[in-house]
Amino acid sequence: MAASFQPPRDGPTSSAAGNYHRPLIIVTTLFFMWGFLTSLNDILVPHLKSIFDLTYAQVMLVQFAFFSAYFLFSVPWSKIVNALGYQKTMVVGLLIMGAGALLFVPAASVPSFALFLMALVILALGITGLQVAANPYVIVLGKPETASSRLNLTQAFNSLGTTLAPLVGGLLILKTAPAVVEQLASSVSYRVQQASSVKMPYIIISIALVLLAVAIAFAHLPRIAEAEGRAREKTPDSIWKHPNLLFGAIGIFAYVGAEVSIGSFLVNYLGQPDIAGLPPASAAKYVSFYWGGAMIGRFVGAWVLQRVKTGYLLGGCAICSAALVTISMLMHGHVAMWSMIAVGLFNSIMFPSIFALGVAELKSLTGTGSGLMNMAIVGGAIIPLAQGVLADRLGIHHAFFLPVICYLYILFYALRGSTPNSERYANCLEVVYAAQGAGSNNRRYPNCLEIVQRSMGTAVAGDLGADKSIQ
């Protein structure tokens, strides 16, 4: 699955950190847009559930269709990045997103749940391209030691989009939500009337995406030579030799699944009589608090991560998130309501931190590693669907034990799984060096040599080759 990362054909190469401010601002707008569109699904879920009279499991096909695109198209997009470069890939992704947003108009006119799902797949296809190109671009757009902080800052604007989307969606889409269950007739006229509220927001979004694509196309974004492999150059390195990447992909799967599950169920959860008993339009405002907490946390996290080791902060946030979801499951009323909403604050630094830890030391494999990490976003398709099945059987209140399991895995990744090869095999290198001095390394320390040799092409092998030979 690994592919060589060829030189993107973008703008001129820039190495001065000061030259990266403008391109970073430009790319940040992309984070805002895909955050807005992703969070808008949380409003579509209760809206389409009422229109088509769906179960929790059925309506979670919205998230399944959307996030499955990451699994299906991340690797193809990474190859497109290799061929076209970061900038052109971003433009193509934006244009596909614009086409997907425009498809909501015929889906609402019919109306058809299947067409809505198709529009979501195409929209997510474009967003996947943006993710594969923009995330690693931000990682390498500056000093490696500040990569987590930089990605957290751009993700903060992603969270600004996720915060505003429920407010806009609640105002424009859920304003027509029926007040009584008897209105849930199966007549076509009723469905057309309710679905029509989706048209105008997505038409405006489509126009905005096309305009943004034009702006990105004419922007001068620097080419980051260090993160690019040379064309047709073969390397002994492989993404499968980086455990921090492989464990990180599972971490992304768990994190996105947990975050999307909570956001998707919030409107219905807050509408439960034993929680808050809120109507959909009112509950949508509290979904903004959930995503707003993530936005605040990411702005703060960008500063904290310059002073605290990424793994430690990630582990602490995982513990807090798991504890808050557990409290919400055990309690009722406002305690259950606000403890679940507060999870958003501790979700804040998880994605950028896991991503930065996962692609650490990949160098020329950064693009391919990004593709694998983005494939793992399919967790947003699998886990909400699984939780929907649980909610239909156990009740929505107790189905949240699934996100708790996800946060516990993230705790493991933060403390153990995220260790890069340069640290993971550090002790082994010391043994090999000592053995070489004794002239008997191959006989006395075969296991250690095997470990180091398996990691050839990584930072460990590079350090070893710079000092001594293990031949």
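Values in this text are rule-based calculations from the coordinates and carry no lab data. Note that the coordinates shown come from a computational prediction; the quantities given were computed from them, not determined experimentally. Quick reminder, even Gly has a Cβ in these numbers, built from the backbone with ideal geometry, and neighbours come from all protein chains shown.
In region 246-291, what chymotrypsin sites (Phe, Trp or Tyr not before Pro) fall in a loop by DSSP, with at most 11 other Cβ atoms inside 10 Å? List each step's numbers first, then the result.
Values: sites: 247, 253, 255, 265, 269, 286, 289, 290, 291; in loops: none.
When the chymotrypsin sites (Phe, Trp or Tyr not before Pro) of region 246-291 are filtered for loop state and at most 11 Cβ neighbours within 10 Å, nothing remains.
At what distance in nm do the modelled label points of residue 404 and residue 335 sit from each other, each positioned 7 Å from its Cα along Cα→Cβ?
1.5
What does the highest-first list of 94-105, 211-222 look like by mean Cβ count within 10 Å?
Numbers: 94-105: 21.9, 211-222: 15.8.
Ranked by mean Cβ neighbours within 10 Å, highest first: 94-105, 211-222.
Within 12 Å, Cβ to Cβ, of residue 266, how many net charges do the neighbouring residues add up to if Lys/Arg are +1 and Asp/Glu are -1? Before the final figure, lay out each step's value.
Details: positive: 285; negative: 42, 259.
Surrounding charge for residue 266 is -1.
How much length would be gained if the chain were fully extended between residue 208 and residue 285, taking 0.36 nm per residue of separation minus their Cα-Cα distance, in nm to one decimal? Before the final figure, lay out the partial values.
Values: separation 77, 0.36 × 77 = 27.72 nm, distance 2.38 nm.
Gain in length upon complete extension: 25.3 nm.
Once the Cβ-Cβ distance between residue 389 and residue 112 is put in as r, and R0 is 30 Å, what FRET efficiency do you end up with, to the nearest 0.05? List each step's numbers first, then the result.
Values: r = 24 Å, r/R0 = 0.79.
After rounding to 0.05, the efficiency reads 0.80.
Over region 17-420, what per residue volume does the convex hull of the Cα atoms give, in whole Å³?
Details: hull volume 46.7 nm³, N = 404.
Hull volume normalised by residue count: 116 Å³.
So how much slack lies between residue 423 and residue 300, counting 0.36 nm per residue of separation and subtracting their Cα-Cα distance, in nm? Walk me through the numbers on the way to the answer.
Working: separation 123, 0.36 × 123 = 44.28 nm, distance 2.78 nm.
Extra length available between residue 423 and residue 300 comes to 41.5 nm.
Which peptide among 70-82, 273-285 comes first, and what is the full order, when sorted by highest mean count of other Cβ atoms within 10 Å? Intermediate values should be presented prior to the final figure.
Numbers: 70-82: 21.5, 273-285: 17.0.
With the highest mean Cβ count within 10 Å placed first, the list reads 70-82, 273-285.
How high is the relative contact order of region 49-202, given as a whole-number percent (alpha carbon pairs under 8 Å, six or more residues apart)?
On the way: 147 pairs, mean separation 48.0, N = 154.
Taking the mean separation of contacting Cα pairs over the length of region 49-202, I get 31 percent.
Counting other Cβ atoms within 10 Å of each Cβ, which trypsin sites (Lys or Arg not before Pro) in region 298-385 have at most 10 and sit in a DSSP loop? Intermediate results must be reported in sequence, preceding the final value.
On the way: sites: 298, 307, 309, 363; in loops: 307, 309.
Answer by residue number: 307.
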